[in-house]
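Inspection log for the structure reproduced underneath, given as structure tokens.
The numbers here are math on the coordinates, done by the rules we state, and not lab data. None of these values were measured; they are calculated from a predicted model. Here Cβ is always computed from backbone atoms with ideal geometry, including for glycine, and neighbour counts include all displayed protein chains.
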Amino acid sequence: MKFNGSSTANSGGVGVVLYHEGEETVALSFELEFLCSNNTTKYEAYLMGLATALEMGIKHLKVIDDSNLVVYQAKGSFSLKEPSLAPYRMLAQKMEEKFSTFEIEHAQMSENQ
């Protein structure tokens, strides 16, 4: 799975792509109709991707993203400094635990297209 999110002064948007060897790629995009930071949009995209993967019955998930914040918080390397992101991180942890195997790794922005 790859994901991304971005925000403007008025709204935000998120995108998620789920890949499976030999099967069709699933690409999703959503407009967020509330004011949000870039960090919030990253977590919104991440949660959307995790929820979609779980709904599809995916048991083994590898996530690749260029967001240092989300990736390294998921790995436990970065502490949570923004209190507004705490609910996102807590929900993400609960969802990550539902996969039989879960792996997340950082990629350069040029690799997350």
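Some points to look at:
- Basic side chains Lys and Arg get +1 at the Cβ, acidic Asp and Glu get -1 at the Cβ, and with that the dipole of region 23-113 about its Cα centre reaches some 420 debye.
- Within straight-line cross-link reach of K98, aspartates and glutamates at Cα separation under 13 Å, skipping those fewer than 8 residues along the same chain: E55
- Only DSSP H runs of four or more residues enter the estimate; each adds -39500 (n - 2.57), and after division by the residues of the chain the mean residue ellipticity at 222 nm equals -10000 deg cm²/dmol.
- Distance histogram in 10 Å bins (all Cα pairs of the chain, percent per bin): 14, 49, 33, 4, 0
- With contacts taken as Cα pairs under 8 Å at a separation of at least 6 residues, region 2-107 carries a relative contact order of 27 percent.
- Restricting the chymotrypsin sites (Phe, Trp or Tyr not before Pro) of region 1-83 to loop positions (DSSP other than H, G, I, E, B) with no more than 11 neighbouring Cβ atoms within 10 Å leaves F34.
- Put simply, the C-alpha atoms of region 1-63 give a gyration tensor, and the ellipsoid matching it has half-axes of 24, 10, 9 Å, longest first.
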